[in-house]
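The structure under discussion appears below in the form of structure tokens.
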Amino acid sequence: MNDILYIKNADQIVTSTGHSETPAKKEAMRQLQIIENGCLLVENGIILAVGDDQSIRQTYTQHLNCAKIIDAKGKIVTPGLIDPHTHLIYAGSREKEYVMRLEGKSYMDIMKAGGGIHATTRATQTADFQTLYEETKRRLDTLLLYGVTTVEIKSGYGLTLEQELKQLEVIAELQKSHPMDIAATFMGAHAIPERHKEQPDRYVDEITEEMLPVVAERKLAEFNDVFCEKGVFTPEQSRRILEAGKTYGLIPKIHADEIEPYGGAELAAQIEAISADHLLKASDQGIQALAKTNTICVLLPGTAFFLMADFADARKMIDAGVAVALSTDSNPGSSPTLSLPFMMNLGCLKMGMTPEETINAATINAAHAIGRAKTVGSIEPGKQADFVIFNVPNYLFLSYHYGMNHVDTVIKRGKIVVEEGKTIFR
Ligand SMILES: N=CN[C@@H](CCC(=O)O)C(=O)O
Ligand SMILES: [Zn+2]
């Protein structure tokens, strides 16, 4: 028997439409379809109809006879949120470094002294598979509670073939067992390990010749990411790693211009990366170059907030024609959060975005940043039935209230996974 779900009476159904092929840019980033008193019909995990109660009842009488019904009166429905940039698989924590930063030490100085990413790498290398699996699963559960139904996760706290594979295998296991959709990214190029400190190019060789072929052969990742930053990987090394990944079918992503302007945005445009992420310090030329592409600029305002740095200029980027997405960058050092709605608040308050733009940035454009826009990121017939029901009267509350969680219900592939703000799958 078919599995039918009917959501009715939503004060608003709020979604992007018509951007499953190409991302929303410029004015389109402000456009949302808003259906008042909206209803939604789902069959076997796929959206069948969106509209008003009367027209859906007329066309789908049979379906409604056996449907599970959710009354969303007083609430709104959005697409499941998409978090397209996270470092969720790690062990340990870095609260002592946080205190050091509060006292004036910089993120990069801590990393250069062997802390930062290196500290998390040591903790992650010693953690066994089961521990990493359990800890990451808990983080995925929390993301669902905040309305995220699809997430990207990077490796990058292994920095040896064996340890990177361990992280990617944890992702593969979670892809099988958790309701969250997960996109996997190989990020062996997250830091230069101690053993290659004197000759970083040797590590680039190791990544391109020894790691990438195995990761690709075992089909453990779809994307390949590099931390292109002064003191980490140069633009030239980044290009080598990303071009090598392409030859193995891995799609390039890049951590670009996070701490200093370094040509990362320009490189992303040249190699046609699917996303260029961070961009706090992107040059005007870099932004102009990205505006001519469909590369998604994934902005991570939690990182600027937590590193007490200047925020990326989303307003300038959107006005220039860049497709912007938002993400948590969830990780233990530069952005220890699991709240994508808080990124939407920061998008408005610190990066000049409108509430409408933050919704498109956390749904359809985020889906484009991980190549999933044909199946998720909007509420349109034929797409996967991933929704969030928020307990708010209209969508402005999503970026107006901050530091609160208004998620009431989360539906993943037509199944309820969060109800009354609590996880209900096990
Ligand atoms: N900048 C590089 N990587 C992460 C931080 C990882 C960490 O500090 O552990 C980021 O995107 O912010
Ligand atoms: Zn990152």
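The values are calculated or read from the model by the stated rules, or taken from the named source; none is laboratory data. Please read all numbers here as calculations on a predicted model, not as lab measurements. Heads up, the Cβs are rebuilt from the backbone with ideal geometry, glycines too, and the neighbour counts pull from every protein chain shown.
Taking the condition within 16 Å of ligand 1 (Cβ to nearest atom), buried (at least 17 other Cβ atoms within 10 Å of the Cβ) and without any contact (Cβ under 8 Å) to a residue 60 or more places away in the chain, does residue 266 pass?
Working: within 16 Å of ligand 1 (Cβ to nearest atom): no; buried (at least 17 other Cβ atoms within 10 Å of the Cβ): yes; without any contact (Cβ under 8 Å) to a residue 60 or more places away in the chain: yes.
Judged against the criteria, residue 266 is not a match.
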>> Where the second residue is part of a helix (DSSP H, G or I) and β-branched (Val, Ile, Thr) and the first is over 10 Å from residue 341 (Cβ atoms) and lies in the stretch 393-405, which pairs have Cβ atoms under 9 Å and are six or more apart or on separate chains?
In response: 395/359
> Among all residue pairs at least 6 apart or on different chains, which show Cβ distances below 9 Å where the first residue, located in the stretch 162-187, is under 22 Å from residue 80 (Cβ atoms) and more than 16 Å from ligand 2 (Cβ to nearest atom) and the second is modelled with pLDDT under 95 and of a type outside the set (S, T, N, Q)?
Replying inline: 178/425; 179/425
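Residues 253, 246: which one is within 22 Å of the chain's Cα centre (by Cα) and more than 16 Å from ligand 1 (Cβ to nearest atom)? Full working, then the answer.
Numbers: 253 fails: more than 16 Å from ligand 1 (Cβ to nearest atom).
Answer to the check: 246.
With the stretch 355-426 as the region, which strands (runs of 3 or more DSSP E) entirely inside it contain at least 3 residues that are surrounded by fewer than 21 Cβ atoms within 10 Å (Cβ to Cβ)? Let's see the steps before the verdict.
Details: elements: 387-390, 407-412, 415-419.
Filter on the stretch 355-426 gives 415-419.
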>> Given (1) outside any loop (DSSP other than H, G, I, E, B); (2) out of contact with any Lys or Arg (no Cβ under 7 Å at 6 or more places or on another chain); (3) of a type in the set (Gly, Ala, Ser), identify the lone condition not met by residue 10.
In response: (2)
>> Give me the residue from the stretch 318-342 that is crowded, with 24+ Cβ neighbours inside 10 Å and within 25 Å of residue 289 (Cβ to Cβ) and, out of that set, nearest to the chain's Cα centre (by Cα).
In response: 327
> If you scan the stretch 274-301, which residues turn out to be surrounded by fewer than 24 Cβ atoms within 10 Å (Cβ to Cβ), polar (S, T, N, Q) and not in a helix (DSSP H, G or I)?
Replying inline: 283, 293, 294
> Any idea which residue in the stretch 74-108 is nearest to residue 301 (Cα to Cα), counting only those that are basic (Lys, Arg) and either within 16 Å of ligand 2 (Cβ to nearest atom) or touching a Leu at 6+ places or on another chain (Cβ under 8 Å) (or both)?
Replying inline: 101
> Mind checking which pairs have a first residue in the stretch 92-113 that is of a type in the set (D, E, K, R) and a second that is exposed (fewer than 14 other Cβ atoms within 10 Å of the Cβ), Cβ under 8 Å, 6 or more apart or different chains?
Replying inline: 101/308
> Are any residues in the stretch 302-353 closer than 21 Å to residue 155 by Cα and either part of a helix (DSSP H, G or I) or within 12 Å of ligand 2 (Cβ to nearest atom) (or both), and if so, which ones?
Replying inline: 302, 303, 327, 328, 329, 330, 331, 332, 333, 334, 335, 340
